[in-house]
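Undergrad: Structure incoming, see below.
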Amino acid sequence: MRSKIVAGNWKMNKTLTETEALLAELSAKLPDTDAMVMIAPTHVNLPGAVRNLVHSAIEVIAQNMHFAESGAFTGEISADMLLDIGVETVIIGHSERRAYFGETDGLLAKKVSAAVAKGMKAMFCFGEELEDRKSGNHFAVVESQLKNALFSLDAAAWDNIVLAYEPVWAIGTGETASPEQAQEMHAFIRKTIAEAYDTSVADDVSILYGGSVKPGNAAEIFSKPDVDGGLIGGASLVADDFVAIIKAI
Ligand code: PGA
């Protein structure tokens, strides 16, 4: 079943002390909502955030994981490590992982499969670069990202997939896709999934939009029929802004 989701990706921001302060403020201001609210602090602060939010409706999720069970992968963390501390959802394929850490669709396919095999939810991020959009290649790029990373999953695995369409040109730039551009791409994504699987898989998957979502533009983007929520970067670091975006859904 498709859900409304507002997720905050904190990236490499906030010490543990700052994390605790922001979570206290967020918990105090959290509005009543049908949407699932998630935050993704940096790995080292995950256990503290989980403890902090044990009585809260906010879910703590991870920003990344390795595909292997365990082993000689210095600096990496596994699905079991996340599950053991109570983290059940992981962001995979953020454009910053692709751009700065060389993550390819082939690697991301392994990560998604590993997460799903462990019963975790994978929030898979993808989206075109500015040149792709300028040259009219954005649909083809998005289709190939989906196909290469996700379409070898069986239909049942899609219960554990959340998609986050994030055009790279809109991330952290202050420039957001228009609500119409977001809707057009989200509808295309659903059509592509329906062709590869069937309409029930396509209709049931939550597709979030990400890229400079702010209190001032959230309501209009979220009002589009194929937009099920947002993955929020910068604005999720300020409690009042994140709360305003949650209210917008
Ligand atoms: P932004 O980041 O909201 O700061 O553009 C979005 C993201 O990276 O998920």
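The values are calculated or read from the model by the stated rules, or taken from the named source; none is laboratory data. A quick note: this is a predicted structure, and the numbers were derived from the prediction, not measured. Cβ coordinates were reconstructed from backbone atoms using ideal geometry, including for glycine residues, and neighbour counts include every protein chain displayed. Please note that ligands, DNA and RNA were not included when accessible areas were found on the heavy atoms of the full protein model with its side chains. Shrake-Rupley method; radii C 1.70, N 1.55, O 1.52, S 1.80 Å.
Undergrad: Over 29 Å between C-alpha atoms is what I'm after, so list which of Lys118/Lys214; Lys4/Lys110; Lys4/Lys111 land there.
TA: Numbers: Lys118/Lys214 34 Å; Lys4/Lys110 26 Å; Lys4/Lys111 24 Å.
Long pairs (Cα-Cα over 29 Å): Lys118/Lys214.
Undergrad: Aspartates and glutamates near Lys191 by alpha-carbon distance under 15 Å, same-chain residues fewer than 8 away left out - which ones?
TA: Glu143, Asp203, Asp204, Asp226
Undergrad: What base-10 log of the normalised intensity I(q)/I(0) is obtained for region 72-133 from the Debye formula, alpha carbons as equal point scatterers, at q = 0.12, 0.30 Å⁻¹?
TA: Summing over Cα pairs of region 72-133 leads to -0.33, -1.36.
Undergrad: Next question. Tell me which of Leu146, Leu208, Thr19 sits at the most positive position along the dipole axis of the chain, charges placed on C-beta atoms (Lys, Arg +1; Asp, Glu -1).
TA: Working it through, the farthest residue towards the positive pole turns out to be Thr19.
Undergrad: Helix-only estimate, please: 222 nm mean residue ellipticity of the chain, summing -39500 (n - 2.57) across DSSP H runs of length 4 or more and dividing by its residues, to the nearest 500.
TA: Details: 11 runs with 107 residues, N = 249.
Computed mean residue ellipticity for the chain: -12500 deg cm²/dmol.
Undergrad: Turning to a different aspect of this structure: Relative to the Cα centre, what is the charge dipole magnitude of the chain, using +1 at the beta carbon of each Lys and Arg, -1 at the beta carbon of each Asp and Glu, and rounding to the nearest 20 debye?
TA: Numbers: 20 positive and 34 negative charges, 49 e Å.
Here the size comes out at about 240 debye.
Undergrad: Given a 1.4 angstrom probe, what's the average accessible area per residue across the chain, in square angstrom?
TA: 44
Undergrad: Still on this model: Suppose R0 equals 30 Å. What FRET efficiency, 1/(1 + (r/R0)^6) with r the Cβ-Cβ distance, do Ala155 and Ala99 give to the nearest 0.05?
TA: Working: r = 31 Å, r/R0 = 1.03.
Result of the calculation: an efficiency of 0.45.
Undergrad: How much of the accessible area of the chain, probe 1.4 Å, is carbon plus sulfur, in whole percent? Mind dumping the intermediate values first?
TA: Details: 5650 of 10870 Å².
Summing carbon and sulfur atoms, their accessible area is 52 percent of the total for the chain.
Undergrad: Label-point separation (nm) for Glu184 and Arg51, each offset 7 Å from Cα along Cα-to-Cβ?
TA: Going by the 7 Å Cα→Cβ label model, 5.0 nm.
Undergrad: Next question. Using the C-alpha atoms of region 23-147, what convex hull volume per residue, in cubic angstrom, is computed?
TA: 145
Undergrad: Also, I was wondering about something else. What accessible area, in Å² to the nearest ten, does a 1.4 Å probe give for Val54?
TA: For Val54, the solvent-accessible surface is approximately 100 Å².
Undergrad: How big is the chain along each principal axis, measuring the range of its Cα positions in Å and listing the largest first?
TA: The principal-axis extents, from largest down, are 45, 45, 33 Å.
Undergrad: Expressed as a rounded percentage, what relative contact order does region 46-200 have, with Cα pairs under 8 Å and six or more residues apart? Display every interim value, and only then the final one.
TA: On the way: 192 pairs, mean separation 29.4, N = 155.
That works out to 19 percent.
Undergrad: What full-extension length gain, to one decimal in nm, is calculated for Thr173 and Lys147 as 0.36 nm per residue of separation minus the Cα-Cα distance?
TA: Working: separation 26, 0.36 × 26 = 9.36 nm, distance 2.73 nm.
Extra length available between Thr173 and Lys147 comes to 6.6 nm.
Undergrad: Need the C-alpha centroid separation for region 16-85 versus region 112-160, integer Å.
TA: Using only Cα atoms to place each centre, the spacing works out to 23 Å.
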